[in-house]
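The values are calculated or read from the model by the stated rules, or taken from the named source; none is laboratory data. Predicted model, so just to flag it, every value in this text is computed and none were measured. So basically every Cβ, Gly included, is an ideal-geometry build from the backbone, and we count neighbours across all protein chains shown. Calculation scope for accessible area: heavy atoms of the full protein, side chains included, ligands and nucleic acids excluded. Shrake-Rupley method; radii C 1.70, N 1.55, O 1.52, S 1.80 Å.
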Amino acid sequence: MKKNIVVAASGSGSNFKALIDAVQNGTLNASISGLIASREDIGAATFARQAGIPVYVLKSTTGETAPLLGTQLLEVLQRFEADLFVLAGFLRKIPDEVVEAYRDRILNIHPSLLPRYGGKGYFGIRVHQAVLNAGETKSGCTIHLVNEAYDEGRVLAQKVVEVLPADEPADLAARVLREEHKLYAPTIQQYLESLTD
Ligand code: GRF
């Protein structure tokens, strides 16, 4: 039986699109059974609709009677029959009860060589800005398991990317992102093959 992957995204969704392509070209032998989108209008949701992948848009979690993020995630992961939960630019911290219920079944991609430039506050262009501010000559991307601490789960794969002297944060971001697109699908495939149930 093919495993079901559920993806969560908050942004443009280029990593999500790369996963859709990988399923279509056979690099990734799995089904993407749903997308969890932080908002209706994000790029990732458009890619999902174009590919016929069902989308769940998270309801607001602010306000006294609002549904909790953890409750929504658990409900929708079950509804999409998730075997693996893949974060692709999802900006919310995964609540502990979800980590607990999907222990070693949640993957994330991060645009630096963890443990460097990870943790709270290190997201998006800020990561690349910090790498440049520190005068690093190398950066890259990391795919890791998600545990209760931000960006600290076991590393599954990394790819080193050169930092060039004239780099602006956006240049470095684009160079790292190209490698993310190449690394995520094969890493997920390898991880799926390593699972025994
Ligand atoms: C990527 O850089 C990823 O590493 C980070 O968020 C970004 C998402 O980009 N977690 P996209 O939405 O896949 O284009």
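Looking at this structure, is residue 50 more than 20 Å from residue 183 (Cα to Cα) and open to solvent by 20 Å² or more (accessible area, probe 1.4 Å)?
So residue 50 passes the test.
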Which of the following residues is closer than 18 Å to residue 107 by Cβ, open to solvent by 20 Å² or more (accessible area, probe 1.4 Å), in a strand (DSSP E or B) and within 16 Å of the ligand (Cβ to nearest atom): 5, 32? 32
Cβ pairs under 6 Å, 6+ apart or interchain, first in the range 165-194 and without any contact (Cβ under 8 Å) to a residue 60 or more places away in the chain, second loosely packed, with under 15 Cβ neighbours inside 10 Å, ordered by first then second residue, are 169/125
Quick test of your reading of the structure: residue 107 fulfils all but one of (1) open to solvent by less than 10 Å² (accessible area, probe 1.4 Å); (2) free of Cβ contacts under 8 Å to residues at least 60 places away in the same chain; (3) assigned to a strand (DSSP E or B); (4) of a type in the set (A, V, I, L, M). Name the failing condition by number. (2)
Of (1) open to solvent by 10 Å² or more (accessible area, probe 1.4 Å); (2) within 13 Å of the ligand (Cβ to nearest atom); (3) under 21 Å from residue 183 (Cα atoms); (4) assigned to a helix (DSSP H, G or I), residue 24 satisfies all except one. Which? (2)
